[in-house]
1. Given the criterion crowded, with 20+ Cβ neighbours inside 10 Å and within 13 Å of the ligand (Cβ to nearest atom), identify the matching residue among 84, 25.
2. Just checking, which of 49, 94 is under 19 Å from the mean Cα position of the chain (by Cα), among the aromatic types (Phe, Trp, Tyr) and over 30 Å from residue 344 (Cα atoms)?
3. Sort out which residues of the stretch 203-226 are within 15 Å of the ligand (Cβ to nearest atom) and either touching a His at 6+ places or on another chain (Cβ under 8 Å) or polar (S, T, N, Q) (or both), and write them in order of number.
4. Taking the stretch 94-150, which residues are within 11 Å of the ligand (Cβ to nearest atom) and either among the acidic types (Asp, Glu) or modelled with pLDDT under 95 (or both)?
5. Among 311, 335, which is the only one that is buried (at least 22 other Cβ atoms within 10 Å of the Cβ), of a type in the set (A, V, I, L, M) and modelled with pLDDT of 95 or more?
6. Going residue by residue through the stretch 157-177, is there one that turns out to be in contact with a strand residue (DSSP E or B) (Cβ under 6 Å, 6 or more places away or on another chain), within 16 Å of the ligand (Cβ to nearest atom) and in contact (Cβ under 8 Å) with a residue 60 or more places away in the chain?
7. Select from the stretch 28-44 the residues that are among the small types (Gly, Ala, Ser) and near the ligand (Cβ under 8 Å from one of its atoms) and list them in ascending order.
8. Tally the residues that are in contact (Cβ under 8 Å) with a residue 40 or more places away in the chain and within 16 Å of the chain's Cα centre (by Cα), restricting the search to the stretch 208-243.
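The values are calculated or read from the model by the stated rules, or taken from the named source; none is laboratory data. All values reported here derive from a predicted model rather than from experimental measurement. Note: ideal-geometry Cβ built from the backbone for every residue, glycine included; neighbour counts use all protein chains shown.
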Amino acid sequence: MSAHTVTRKNRFLAACAGEAVDTVPIWLMRQAGRYLPEYQATRRKAGDFLTLCTTPELAVEVTLQPVHRLGVDAAILFSDILLPLRAMGMPLTFTEEGPRLEPLTSEAAIDALRVLSSDELPEVLTTIRLLRRELTDVVPLIGFSGAPFTLLTYAVEGQTGKSFVRSKKLLYSQPALAHRLLGKISDSLIAHLEGQVKAGAQALQLFDSWIGVLSPEDYAVFGAPYVEKVLTALRPLGVPLIYFPLGGLSLLPQVGKLSADIISIDWRQSLSVAKQQLQSNQGLQGNLEPLLLLGPLAQLEARVKQVLASAPRRRYVFNLGHGLTPEIPPAHVEALVEMVHRLGQSVV
Ligand code: CP3
């Protein structure tokens, strides 16, 4: 198959499979979001963030906005990692200061959580079905969830953690209960991610946004086994599985033993150094420092070249080391996609 045919078929999926590509594929974490004026407009129309996530027509609209504006090689479902906790029985709101849940404080509250089945969160599944009708074959759809430990922190802290005292207190003073909670969350995520793939998601990413607060010893007990459980359960679905251990530099030797196809690396480590700690068949995604997008374009281009130079030639997907933030100018994001597609041709 010629490189051109591969491109038409799907540059992102081809790279995930380790096949030849004509240039490096790119998508960006939080590519739909507040830095885009068109997102702000749809968000105002929705009224609040949860309504935006759970109204399929509006979620489809914001998912497609960055695809049309930027020309990225994949779309990511517009939803949130906290929706499964809500469906498990935890009321959720989003405030100016971020998400708020009623924190789990007792064994009874943990036992009362429901385990999801794959047909739940029907609005999210409808969004996926509608998106697959709208997207061409060139732009695949990525589904996602949080990873088990990251969701445990939101469930136990009731908000974005700061010191993670409540979470760690649970791990160290009631480890059996922590394992029960992680088990319920993992089973729910497996069901929800299966539901996403059955509805049409063509790849999955697990966001482990708070795993960096765990020591390697604790990751071995409370982190990695549950990530592996989810990955193993999803393997038969046949879609590429991406794992993003944000801040997890010291965990990479263990991440290298997980059965993820692609590891997404944050900006703290060069891709070539990260690669040495992973399995030879694990691909890489990442890892430009997102706030470089605030600086001049010449500097951005020099740093894109550095990232490309440290990336593997096969099984590589360009991305940021974390998500786009509201301060970033859309024109710089457009320029980034153009740079990666242009400069990427000489490294594949
Ligand atoms: O474009 C995409 O990447 C897809 C959509 C997406 C969102 N959140 C939309 C969103 C994805 C993949 C997420 C994942 C997510 N959500 C994570 C993991 C990634 C990461 O950032 O580490 C986490 C930790 C959450 C939980 C969450 N959602 C927080 C802490 C917040 C508040 C902070 C903030 O940025 O406002 C959200 C809200 C949120 N999720 C917004 C968006 C676009 C902003 C909401 C708004 O419009 O006000």
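1. Details: 25 fails: within 13 Å of the ligand (Cβ to nearest atom).
On inspection, the qualifying residue turns out to be 84.
2. Working: 94 fails: under 19 Å from the mean Cα position of the chain (by Cα).
That would be 49, the only listed residue that is under 19 Å from the mean Cα position of the chain (by Cα), among the aromatic types (Phe, Trp, Tyr) and over 30 Å from residue 344 (Cα atoms).
3. Those that are within 15 Å of the ligand (Cβ to nearest atom) and either touching a His at 6+ places or on another chain (Cβ under 8 Å) or polar (S, T, N, Q) (or both): 205, 209.
4. The answer is 96, 97.
5. On the way: 335 fails: buried (at least 22 other Cβ atoms within 10 Å of the Cβ).
Only one candidate qualifies: 311.
6. Filtering the stretch 157-177 down to residues in contact with a strand residue (DSSP E or B) (Cβ under 6 Å, 6 or more places away or on another chain) leaves 158-160.
Restricting the remaining residues to those that are within 16 Å of the ligand (Cβ to nearest atom) gives 158-160.
Of the ones still in play, those that are also in contact (Cβ under 8 Å) with a residue 60 or more places away in the chain are 159-160.
There is at least one residue in the stretch 157-177 that is in contact with a strand residue (DSSP E or B) (Cβ under 6 Å, 6 or more places away or on another chain), within 16 Å of the ligand (Cβ to nearest atom) and in contact (Cβ under 8 Å) with a residue 60 or more places away in the chain.
7. At the first step, the residues of the stretch 28-44 found to be among the small types (Gly, Ala, Ser) are 32-33, 41.
Within the stretch 28-44, 32, 33 qualify.
8. The qualifying residues number 11.
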